[in-house]
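First up is the structure itself, then whatever we jot down about it.
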Amino acid sequence: MKTKKIIIKTSNQRYPIYIGKNIIDKLSSILNQNFIKFEKCLMIIDKNIPSKMISKIKNSFMNKQVYIFMFRANEKNKSQKIINQILKILLDKNFSREDCLMTIGGGITGDVGGFAASLFKRGLKFVNIPTTLLAQVDSSIGGKTGVNTKHGKNLIGSFYQPKLVVSDLEFLDSLKKREMICGYGEILKHSLISNKIFFYFLSKNLKNILKNESKYIQKAVYESCLIKKKVVEEDEKEKNIRKVLNLGHTFAHAYEASLKYSNKLNHGEAVLLGIYTAVKFSFAIKLLNHKEFILISNHIEKSGLPFNINHYFSTKNIDKILSFMQKDKKNNSSKINLILLKKIGHPIITKVYTKRAIKNFLKKKLFN
Ligand SMILES: NC(=O)c1ccc[n+]([C@@H]2O[C@H](COP(=O)([O-])OP(=O)(O)OC[C@H]3O[C@@H](n4cnc5c(N)ncnc54)[C@H](O)[C@@H]3O)[C@@H](O)[C@H]2O)c1
């Protein structure tokens, strides 16, 4: 498989994303090719990464001072407490801004590590090695970093771009099917907001993608990254068009928070459920036509992706869900902003609904 490369250009940074198989072995030469030099490196490593993959990375850094922080990735640990622990290591080991913080893990590890990197001495070099499908197609692109608080998800954070992203598809071999499905949710979202041809490719090849078949997974990751690249380059700080990436996310974040971020419904599953809810809402208000609604809902329902709200909630939970939707950082009034779909490839970002309208929809159309 030939490694693919995408360059992300933001207002003050330009960095490459490499997508391929067994590329982690070449990490050291990739760093050199991109003139990324440092003496010390703190690696934040997800505890679930197979040791053979960690050894490959460590072997690339024989002549550097490497410190390791093993990280248990869960939404509870995506916290200020962990940030303080990371900052303490950087201070104790006398890191400078010319040194490097590298994350090797999924979206949680990348968000936490990226945030710590942005804070330390106002920013040290950050390299992201995403190891979940979700992180490879979504969270490693665009520079959003952050942590959760008891008030909600990702409420404290920064925009901070990495110097380099290396997406080695070999990491996905050890990923649970459930996590593959979660990443797939974001790929599907990218097709829905931007590209009907890509949506058809996904509909045809879903099984091969979830099985991590080289040819299909690389195309899915690559196309997905291109879509996100286009959006974040146009609107880095989410003032306008970047909001389309939140399709389904206002619902998703409220679902996750209502279940207290329990393992019953993880982030990617909540996103899939949120996308399904947003698509159904778009159809209910006659924004999306019947044919397109059936195309999307068939894709989600028939492929074993999570979509049934009744598995996770009952109508008794609706008020709680709505109160979290209002707290979402994307809402700044008593009304709730939703990203909806007009057609596959045509999202709408300026739709605002009252709590009552959404409550009625959830009660009458979603729960059954
Ligand atoms: N920054 C952004 O733009 C952005 C975008 C989307 C999501 N996110 C955030 O990303 C997080 C979700 O990311 P995620 O789904 O990657 O979750 P995650 O980081 O928790 O990883 C999911 C699970 O997979 C395990 N894991 C990771 N890599 C593995 C591997 N190679 N083999 C085996 N197991 C592995 C982890 O230990 C964890 O149990 C959420 O907190 C979400 O808010 C951020």
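The values are calculated or read from the model by the stated rules, or taken from the named source; none is laboratory data. Computed from a predicted structure; not experimentally measured. Quick reminder, even Gly has a Cβ in these numbers, built from the backbone with ideal geometry, and neighbours come from all protein chains shown.
Scanning the range 46-76 for residues that are away from the ligand (no atom under 16 Å from the Cβ) and either touching a Lys or Arg at 6+ places or on another chain (Cβ under 9 Å) or outside the structural domain of G110 (by TED's automatic domain parsing) (or both) yields S60, K64, Q65, V66, Y67.
Out of the residues in the range 154-185 meeting the condition of being near the ligand (Cβ under 7 Å from one of its atoms) and surrounded by fewer than 24 Cβ atoms within 10 Å (Cβ to Cβ), tell me which one is nearest to K78 (Cα to Cα). Checked the range 154-185; the qualifying residue nearest to K78 (Cα to Cα) is N154. Of all the criteria given as (1) away from the ligand (no atom under 15 Å from the Cβ); (2) closer than 25 Å to K351 by Cα; (3) touching a helix residue (DSSP H, G or I) at 6+ places or on another chain (Cβ under 8 Å), the one not satisfied by I209 is (2). Within the range 37-45, one or more residues are among the β-branched types (V, I, T), within 16 Å of the ligand (Cβ to nearest atom), touching a residue at least 40 places away in the same chain (Cβ under 8 Å) and within 18 Å of V166 (Cβ to Cβ). Mind checking whether some residue in the range 107-121 is under 12 Å from the mean Cα position of the chain (by Cα), more than 18 Å from F69 (Cα to Cα) and near the ligand (Cβ under 9 Å from one of its atoms)? No: the range 107-121 contains no residue that is under 12 Å from the mean Cα position of the chain (by Cα), more than 18 Å from F69 (Cα to Cα) and near the ligand (Cβ under 9 Å from one of its atoms). Touching a residue at least 40 places away in the same chain (Cβ under 8 Å), more than 11 Å from the ligand (Cβ to nearest atom) and farther than 30 Å from A220 by Cα: does that describe L124? No.
None of I83, I104, I141 is more than 12 Å from the ligand (Cβ to nearest atom), farther than 15 Å from K40 by Cβ and in contact (Cβ under 8 Å) with a residue 60 or more places away in the chain except I83.
Give the residue that is surrounded by the most Cβ atoms within 10 Å (Cβ to Cβ), with candidates limited to residues of the range 97-149 that are part of a loop (DSSP other than H, G, I, E, B) and of a type in the set (A, V, I, L, M, F, W, C). Of everything passing the filter in the range 97-149, I141 is surrounded by the most Cβ atoms within 10 Å (Cβ to Cβ).
When the helices (runs of 4 or more DSSP H) confined to the range 180-276 are screened for residues that are over 30 Å from R14 (Cα atoms), those reaching at least 2 such residues are found at 196-210, 249-258. A residue that is out of contact with any strand residue (DSSP E or B) (no Cβ under 9 Å at 6 or more places or on another chain), at negative phi and more than 16 Å from the ligand (Cβ to nearest atom) can be found somewhere in the range 9-22. Any chance the range 20-28 includes a residue that's surrounded by 12 or more Cβ atoms within 10 Å (Cβ to Cβ) and part of a strand (DSSP E or B)? Yes - at least one qualifying residue is present in the range 20-28.
Close contacts from the range 206-229, counting a first residue that is over 14 Å from K4 (Cβ atoms) and a second that is of a type in the set (D, E) and part of a helix (DSSP H, G or I), with Cβ to Cβ under 9 Å and a gap of 6+ residues or different chains, come to N212/D173; K228/D138; K228/E186. Pairs linking a residue in the range 146-162 that is closer than 19 Å to E233 by Cα to a residue that is of a type in the set (D, E) and surrounded by 15 or more Cβ atoms within 10 Å (Cβ to Cβ), with Cβ atoms under 7 Å and 6 or more positions apart or on different chains, are F159/E236. Within the range 253-273, residues that are near the ligand (Cβ under 9 Å from one of its atoms) and small (G, A, S) reach partners that are modelled with pLDDT of 95 or more and outside any helix (DSSP H, G or I) with beta carbons closer than 9 Å, at six or more positions or on different chains, in the pairs G268/T132.
Could you tell me whether I193 is touching a Lys or Arg at 6+ places or on another chain (Cβ under 9 Å) and β-branched (V, I, T)? Answer is no for this residue. Taken over the range 260-318, the criterion of being surrounded by 15 or more Cβ atoms within 10 Å (Cβ to Cβ) and of a type in the set (G, A, S) is satisfied by G268, A270, G274, A278, S282, A284, S297, S303.
All conditions in (1) within 19 Å of the chain's Cα centre (by Cα); (2) part of a helix (DSSP H, G or I) hold for S55, with the sole exception of (1).
Does N48 satisfy the criteria of being within 22 Å of the chain's Cα centre (by Cα) and at pLDDT below 95? No.
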